[in-house]
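Reviewing the structure listed below.
Derivation of every value follows stated rules applied to the coordinates shown; laboratory data play no part. What you see is a predicted model; the values in this text were computed from it and never measured. Don't worry about glycine lacking a Cβ; one is built from the backbone with ideal geometry, like all the others, and counts go over all protein chains shown.
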Amino acid sequence: MTDASLDGRSIPREDAYAHAARILGAAHFPLVAGLGADVAGARAAILLAERLRGAFDHLASRDALADLDVLRSSSMFVTTPNEARLRSDFILLVGAGLSSYWPAMFDRLALHEPPRFGAQSRRRALWIGPKRGEAHIDGVDIDTIAAASHELPGVLAALRARVGGRPVALGDAATKKLDAHASAMKAAQFGVAVWAAENLDALTIEMLCGLVADLNAATRFTGVPIGARSGATGVVQASGWMTGFPPRTGFGRGYPEHDTWRFDARRLVDSNEADAALWISAYDGEPPPWRRADLPLVTLAAAGAKADGRGVFITVGCPGRDHDAVDFAQETSSLVLRKASAPSKLPSVADAIGAIGARFSEDVPC
Amino acid sequence: MLTCLRGGHVVDPANGVDGVRDVYFEDGRVVAATAGRKPDAEYNAAGHIVMAGAIDIHSHIAGGGVNTARLLLPETHRGHRPRPSGAPLSTAGWSTFETGRLYAQMGYTTVIEPAISAHHALHAHLELADIPIIDKGFLTVLGNDDFLLQALRRRESPAAVADYVAATLEATRALGVKCVNAGGAEAFKENVRSFALDDVVPQYGLSSRQIFQTLQQAVVATKIRHPLHLHMNNLGLPGNVETALATIDASQGLPLHLAHVQFYSYGKEGKNGFSSAAAQFAEKIAANKNVTVDVGQVMFADIVTISSDVLRQYNSLGAARPKKGVIFDGDHNGAGVLPYSYRVSDFFNAVQWAAGLELFLLIDDPTRVFFTTDHPNGAPFTTYPEVFALLMSADMRAQWLSRLPAEVLELTNLPSIKREYTFYEIATMTRAAPAHLYGFEDRGQLGPGAVADVAVYKLQSNRAGMFRNAAYVFKDGELVVRDGVVERYSFGKTLRVRPEYDRAIDQRLDAYYDDLYGLPRSLFEVSDAALPRSYAFAEVACRS
């Protein structure tokens, strides 16, 4: 059984690299998308996009850009999960299903233990908009404000208004309840808000970050964003130092241009602007989001990915499982080395891109 | 391959050279003139100034803070021209690739990033790995870390503290230690909003003075060459020259480097309560030979401030231009990233600009005052050529002064200072002295055995133009820049120290991480497996 195929037929991996080089090398405006990769894979992919004067996007750009939009248009207070674990005396959880975006979250934040630094008192928690039955953490006093996801901006805005002592158009009982939450937050010595951009939009995040900033007028409050899936945060970092910009960046003019609409992978494909694509999804084999079926396609994906039988498919190792990999670690808010948990001979994304890049015809510049 | 630079005016203060002569190098090193051997390559350097490659001792070029600034300000660094063949991403605005190219074009061949948090060391190395041409290295920030503060509170032995410092340098693969507003980031987490030299960190009962003094001693004990690199308290505040003077008084006669001192040279005179106190500061520096400083010159430009002084950055949030920023409470550390714009019409900015030049010009020992803009905090490093020109020309300074708000002229001594830097002094400040400051035996000079990092500038009256585009730059003996254009896209080395220490501290630290974070300490260490295979380190020897 080979781990590469062409239009659904198994072929030797070396042949697959050669086919991939032909497809990408012949394109006028190739797209490097998915980008579900470790830092080395992202680095190779971005250099490839630059070399081919194509564009690159990440499969979770929508979520990563929701946080970045707030960052680059207003302000953000952030901390590490370590500080949240060791110092927070108040946790503000925003949105449903947080632990599905970060399964180890409650284990890591250890909210049931008293903080080691600062107030060292029993922690309090407020969860705005949890799923039914979700807002229960053993050993933690946890208040909730029920809110559907579309109600979150309104709730956060009202809470922010009351923190700032401004009026809200709510009844007395509702205002009183909000005031109690506002007072609890203001009484915190080191509060931490936790959210996942995957289920929030930029305006909600902006309101939340505004609330956090306002609380700093009198006490300390900060935030822990839960990063987007498939290595997005690490890819954003590598993209940042390599090009100055996050993904959704193109090189058509020979230098990087960042445009979140223009270089959206799905739009580039479905509008026919991109004439070939390299789809990378090394963590879980997530499929591409576009509808167009006739696009010349090269896929680098984890074993078990559902190949739809078109184009070149090359199985790559999962970062941190099949091979050592540098990834952004949610638990430390930093880039770390993940040692291979089940080393295999599968190529990494960087290996595969290196092999493809070595097979371009001479018309492709270096 | 033997290369000869023929007939240039060689300015090499480390070897006392200031005159026309030939420079030879072979296999990446400078060699003595070899009688009878014909060079394989020869460059006519007549009419040119030949110096060793410049060394930047303090420039924020890599790491989480810099990258946050890139992502915060996409509007400020758009590229505008395609990159040349063979030099990927070298025109991508503010990318690591562009950073290496722009430095090399100015004849800089070694640049030190001064502020990396220990837990983000790997990130910094990955960015350094993508900076082409130049050699680089970084300082690890200590002074707000619980392990250290606990050790001080428990009055542990100086040897234990030195072991901890050395172990941290080893784990992060750094070149030295920086301390930023000692205790201030920790105090800010406890909602302290101002933090001076004798203020005490809550919970620990330690003053900023005690923390920096202990680190100063520990750095000496590790035998690494670079002294403690200190970012003092009260950065940017009116009257903060008093803090700077008190810090020098507290320096115990031990080596101490004070970073970007322009930001600490302010008095409270005048109707705005803000004036230059550079003269007073310069006198103090001159009298304390254990102290070195870098200036952190301000230039009138749009910039971004990237600082581990999170308390100070928080207090500046309202003054950001444009109004946005990031405030980060890190693991035993902090950082703030805020854009700003220095304007020639702004009274305060004009005083800052003048105070920086005063420091350069009033400290008459170029071996103890270093050339920085605290890039990008005071100005981007791309303004260096203009700053060199200002130092070398009183006329040019007079022209600039004429554009400043009139009241500024009464609050600075700059108009009365006629000193003009010579090439010899420029080379001292940017080559010989930085090599000494970091213990680089074979850099910053052109004696036999030195690394063949060489910058050749075409002599011209337009000093800024001269320094902006070197005629030739050689890195490890290879021609990398010709007429200000990068010709060869090589990758340099990362400089680090490896002090000896009692490894028992590693076990203690392992246990500390397990207990405190519930995470293995190895998760935060920099290992070879995490770095690109091509990434190369060079070790800077400790004192014997």
Does anything in segment B:448-479 have its amide N under 14 Å from the 7 Å Cα→Cβ label point of B:Glu487, and if so which residues?
B:454-457, B:470-479
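I need the calculated FRET efficiency for the pair A:Ser271 and B:Ala529, taking r as the beta carbon distance and R₀ as 51 Å, to the nearest 0.05.
Working: r = 42 Å, r/R0 = 0.82.
Taking R0 as 51 Å, the efficiency between A:Ser271 and B:Ala529 is 0.75.
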Under 5 Å between amide hydrogens, which residues at least 5 positions from B:Val141 or on another chain qualify, with H placed 1.01 Å from N in the peptide plane?
B:Ile116, B:Ser117, B:Ala118, B:Lys178
The ³J(HN,Hα) series, computed from each phi in segment B:440-445 with the Karplus coefficients 6.51, -1.76 and 1.60 at θ = phi - 60°, rounded to the nearest Hz and given as x for glycine or proline, is 7, 5, 10, 10, x, 7
A correct Karplus calculation of ³J(HN,Hα) over segment B:387-392, with 6.51 cos²θ - 1.76 cosθ + 1.60, θ = phi - 60°, whole Hz and x for Gly and Pro, returns 5, 4, 4, 5, 5, 8
Can you compute the modelled spin-label distance between B:Ser341 and B:Gln252, with each label point 7 Å from Cα toward Cβ, in nm?
4.5
What spacing in nm lies between the two simple spin-label points modelled at B:Asn44 and B:Glu539, each 7 Å away from Cα in the Cβ direction?
4.6
Gaussian network model of chain A, Cα springs within a sub-10 Å range: biggest mean-square fluctuation belongs to which of A:Gly304, A:Gly354, A:Gly41?
A:Gly304
Taking other Cβ within 10 Å of each residue's Cβ, how do A:Val78, B:Val480 sort, fewest first?
A:Val78, B:Val480
Using alpha carbon centroids, what distance separates segment A:311-356 and segment A:227-260, in Å?
19
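Which of the three applies to segment A:66-226, rounded, prolate or oblate, going by the alpha-carbon gyration tensor with a ≥ b ≥ c and a/c under 1.5 meaning rounded?
Values: a/c = 1.28, a/b = 1.18, b/c = 1.08.
Judged from the Cα gyration tensor, segment A:66-226 comes out rounded (a/c under 1.5).
Neighbour counts of other C-beta atoms within 10 Å: give me B:Arg403, A:Arg162, A:Arg229, A:Arg310 arranged from fewest to most. If you can, show how the numbers build up before the last one.
Values: B:Arg403 10, A:Arg162 23, A:Arg229 19, A:Arg310 16.
Lowest to highest Cβ neighbour count: B:Arg403, A:Arg310, A:Arg229, A:Arg162.
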Kindly state, to the nearest 0.05, the FRET efficiency for A:Arg292 paired with A:Ser361, given R0 = 30 Å and r defined as their beta-carbon distance.
0.70
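Give me A:Met105, B:Met232, B:Met396, B:Met51 ranked fewest to most by other Cβ atoms within 10 Å of their Cβ, as a rough exposure proxy. Mind dumping the intermediate values first?
On the way: A:Met105 22, B:Met232 26, B:Met396 16, B:Met51 29.
By the 10 Å Cβ count, ascending: B:Met396, A:Met105, B:Met232, B:Met51.
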Between B:Tyr512 and B:Ala398, the FRET efficiency computed from the C-beta separation at R0 = 45 Å comes out, to the nearest 0.05, as 0.20
Shape call, chain B: gyration tensor on alpha carbons, a/c limit 1.5
oblate
So, in nm, how far is label A:Glu151 from label A:Asp15 when the simple model puts each one 7 Å beyond its Cα toward the Cβ?
6.0
